[in-house]
Amino acid sequence: MHAFSVDEARSLLLLENDLAVVILDPAMERSSAGLDLVDFIRRSAALRNTRIVLLTGQPEQEPGLEALLSYDINDCRTKAELTADRLRVIVATAVRSYKQLCAADTSRGGLEHVLRSSASLLETKDSYEFASGVLTQLAALLKVAQTGLVCAQEPANPEGYFVQAATGRFSELIGLPLQLLPPTPELGLLRKSVAGRCNVYGDTGGLALHIGHQDGQDFVVFIDVPKQHAVLHPQLLDVFCANLNTLLHNRGLLGRLKESAYHDPLVNLPNRAHFVEAVDECAKRGMTDYILALIDIDDFSATNDLMGHLFGDRLLERVARCLEDALPGDVLLARLGADTFGVLGPIRQVQPRGLLECVRQPLSIDGGPYKVSLTCGYVLLPREFRAGADLVKDATIALKRAKRDHRGQDLQYSEQMGAEARSRALLLSELREAIENRELFLVYQPQINLATNGLVGIEALLRWRTEDGRFVPPDKFIPVAEHSGLIVALGQWVLMAACATMRELLDAGAAPQRIAVNVSTVQLQDPGFLEMVCDALASSGLRGDHLELEITESVAALPTELLKSTLSAMRAKGVSIAIDDFGTGYSSLSYLEQLPLDRIKIDRSFVRQLSEPDGARIAEMVVQLGRKLGLSVLAEGIEDAAVCKALLAMDCHEGQGYHIARPMDKKALVTWLQTYCPNAKAESPAQTAAPPNERSSDSQGAPAFRTEESAAAVLYALNNPSKHGARERDRHTCA
């Protein structure tokens, strides 16, 4: 190509993008025209690899070294030394240099493409999409039409291959095994690649690449390449294949990680993570006709303990299969917890009650029948978007409420349930803070012999007064403490503080026979409970008969042997056992004969009925039952003399209530005892030295609370609230 002016040269340069060498006179029309044209070649025409040779008339016309380096000028010669042979050498050298630069660019671009394709292929969802993506990326790398096919190794037969993806004229071969493909020369390259597990280049065009990893599925790719096409350097194709080999391995790892992250192997179902994501997706798509149900196996924990974990695993598998059979195939079933399953699907296809019925007949496990029941809590997907995790939380709230109040049935979530759950969470947070701020304290209510009016005991009652003077009822915070596990540490402190108070009263000569402390079922199940009681007695220097533990009828739901052994160990230490709030809890009375008991406490609701016509029947029945079983009977909530007289007439042994004395703090208790028991010592128990072996009630890692409060403040607060509120607070105590 020849140009005889700067303008002509520029026009030619813009038309051709594959120029190997440009030879020009730097002087041309004016002294700076040559370098201006060089700048145009590099910048405007963007011919970065084109080699530039300058021919000058005189040596002094050569540009400086800085210009040579800046514009990447390949050579500079004077016209006088340019012979034909010299010209051939200059051009040949420049062309070779140009080809090398172009090859480097091609390799660099190919490597960049390989890296980009890796990211793209790693995101493919399945093997077919991956195989199709390999064809697409290889065609782009070679700059040829996407015509080819991919043969994949059969998962069950490592020696067998089948066409997994194909394009162009090979599209009709998808799904065929390798041995049934047409015996054409180009597909012969494919067979050679499979046999040799290597790349094969065709003499008449075509290319077959082997892609595989020792712990993954092998692929062989054939792509149609025209004979005259300049194929990439084999080393770059090797890099492409090696990169895909690694990619296959990583895909296998990702697949196994995803399987582990989203699948439950025990019951062969999706797990909680998969389920929450599916709920989230449905909520985003506004699928308001969907239902989210959680199904729990009743008493599964007890079954595990009784029958063993292997039996429990088989029970889970059997229930999972029953639920699967009861649901259409497009409804999602997952295992969300130890014995909790999740169901997500259209309301018309998911009927909670029908799911509970799927286990109506006994299940066959290990060759024998086993009866099981299910409980369900569910929520309907709302119109406004809510995150999947929040919707699962709502269904969990409904499930827990159903387990508590409607076992074996289904229950739909309501906003009221959510509000109550949030209220409990807030109360728990406030309770933790109250413990830190020492806002909990003990008050004491005397118990007397109704026949002699003699003092027989005092009951320790836990109170919570906030910083602003507000009292939180025990029936509000005690269940929260039990559910959260705080009751164990809290109960330890109460028992230690109560025993310390009893020690002080003994030293002052004003102590009754016993001090009563309530114990929750959570505490009784704690392995360290017996040791904790013994420790409290020892630290205060008390005998066992100085202490009475009050338990509620709900303990009858605990395993009988565990409860019996624990209570028997207490009795062996001399500690007496009382049943609190008798008649309001567990329906079976068999536990009265099975458990080692000393006393029954008539609930205040039955004592209150004594002032009504025919209201004495239940109280009389409890008194007679206690006499038959050889148990003492104590009535709670005695509020007037008439009730006291009626109880005495039916031979009730003991009582407590506002008519006798209100709950009071330790200082007020001492004053009351000095008045009620005039023979008691005059000095305050707080001034009496503790025995040498006594330990602080704040020891043993128990939380520290105030055991002494202002008598005036406490008595005013306890004596002035409504009777109903006061009764409710006194009905619930804690150890």
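The values are calculated or read from the model by the stated rules, or taken from the named source; none is laboratory data. What you are looking at is a predicted structure, and each value in this text was computed from that prediction instead of being measured. Ideal geometry is used to build each Cβ from the backbone, glycine not excepted, and the neighbour counts take in all protein chains shown.
Go through the stretch 77-98 and give me each residue that's touching a helix residue (DSSP H, G or I) at 6+ places or on another chain (Cβ under 8 Å) and either more than 12 Å from VAL53 (Cβ to Cβ) or free of Cβ contacts under 8 Å to residues at least 24 places away in the same chain (or both).
THR78
Can you name the number of the only condition in (1) out of contact with any His (no Cβ under 6 Å at 6 or more places or on another chain); (2) touching a residue at least 40 places away in the same chain (Cβ under 8 Å); (3) not small (Gly, Ala, Ser) that LEU141 fails?
With respect to (1) out of contact with any His (no Cβ under 6 Å at 6 or more places or on another chain); (2) touching a residue at least 40 places away in the same chain (Cβ under 8 Å); (3) not small (Gly, Ala, Ser), LEU141 is out only on (1).
Going residue by residue through the stretch 444-462, is there one that turns out to be in the same structural domain as LEU669 (by TED's automatic domain parsing), within 36 Å of the chain's Cα centre (by Cα), part of a strand (DSSP E or B) and modelled with pLDDT of 90 or more?
Yes, the stretch 444-462 contains at least one residue that is in the same structural domain as LEU669 (by TED's automatic domain parsing), within 36 Å of the chain's Cα centre (by Cα), part of a strand (DSSP E or B) and modelled with pLDDT of 90 or more.
Pull up the stretch 623-646, narrow it to residues that are more than 20 Å from GLU459 (Cα to Cα) and among the aliphatic types (A, V, I, L, M), then point me to the one that is surrounded by the fewest Cβ atoms within 10 Å (Cβ to Cβ).
ALA641
Limited to the stretch 335-382, what total is found for residues that are surrounded by fewer than 17 Cβ atoms within 10 Å (Cβ to Cβ) and touching a Gly at 6+ places or on another chain (Cβ under 6 Å)?
1
Of the conditions (1) modelled with pLDDT under 90; (2) of a type in the set (A, V, I, L, M, F, W, C); (3) not in a helix (DSSP H, G or I), ALA712 fails just one. Which one is it?
Result: ALA712 fails condition (3) only.
Of the conditions (1) under 21 Å from LYS476 (Cα atoms); (2) at pLDDT below 90, ARG386 fails just one. Which one is it?
(1)
From the list ALA434, ALA451, which one is within 19 Å of LEU495 (Cα to Cα) and surrounded by fewer than 23 Cβ atoms within 10 Å (Cβ to Cβ)?
Step by step, each of ALA434, ALA451 is checked, and only ALA434 is within 19 Å of LEU495 (Cα to Cα) and surrounded by fewer than 23 Cβ atoms within 10 Å (Cβ to Cβ).
Among residues belonging to the stretch 259-276 that are of a type in the set (D, E, K, R) and closer than 12 Å to GLY342 by Cβ, point out the one that is surrounded by the most Cβ atoms within 10 Å (Cβ to Cβ).
ASP264
For the list (1) surrounded by fewer than 18 Cβ atoms within 10 Å (Cβ to Cβ); (2) within 30 Å of GLU384 (Cβ to Cβ); (3) out of contact with any Leu (no Cβ under 8 Å at 6 or more places or on another chain), I need the number of the one condition that ALA302 fails.
ALA302 satisfies all of (1) surrounded by fewer than 18 Cβ atoms within 10 Å (Cβ to Cβ); (2) within 30 Å of GLU384 (Cβ to Cβ); (3) out of contact with any Leu (no Cβ under 8 Å at 6 or more places or on another chain) except (2).
Please pick out the residue among GLN217, GLN235, GLN228 that is assigned to a loop (DSSP other than H, G, I, E, B), at pLDDT below 70 and farther than 14 Å from LYS143 by Cβ. Spell out the reasoning first.
On the way: GLN235 fails: assigned to a loop (DSSP other than H, G, I, E, B); GLN228 fails: farther than 14 Å from LYS143 by Cβ.
Residue meeting the stated conditions: GLN217.
I need the helices (runs of 4 or more DSSP H) fully contained in the stretch 1-118, keeping only those with at least 2 residues that are at pLDDT 80 or above.
Hits in the stretch 1-118: 6-15, 33-39.
Spot the failing condition for ARG599; the list is (1) crowded, with 19+ Cβ neighbours inside 10 Å; (2) modelled with pLDDT under 90, and only one is missed.
(2)
Working only within the stretch 526-553, note down all residues that are in contact (Cβ under 8 Å) with a residue 60 or more places away in the chain, in a strand (DSSP E or B) and of a type in the set (A, V, I, L, M).
LEU549
Among (1) in a helix (DSSP H, G or I); (2) at pLDDT below 90; (3) not assigned by TED's automatic domain parsing to the domain that holds VAL150, where does GLY329 come up short?
Every listed condition holds for GLY329 apart from (1).
Quick check on this structure: which one of ASP394, ASP405, ASP330, ASP390 is acidic (Asp, Glu), surrounded by fewer than 18 Cβ atoms within 10 Å (Cβ to Cβ), touching a strand residue (DSSP E or B) at 6+ places or on another chain (Cβ under 9 Å) and closer than 20 Å to ALA283 by Cα?
The conditions single out ASP330.
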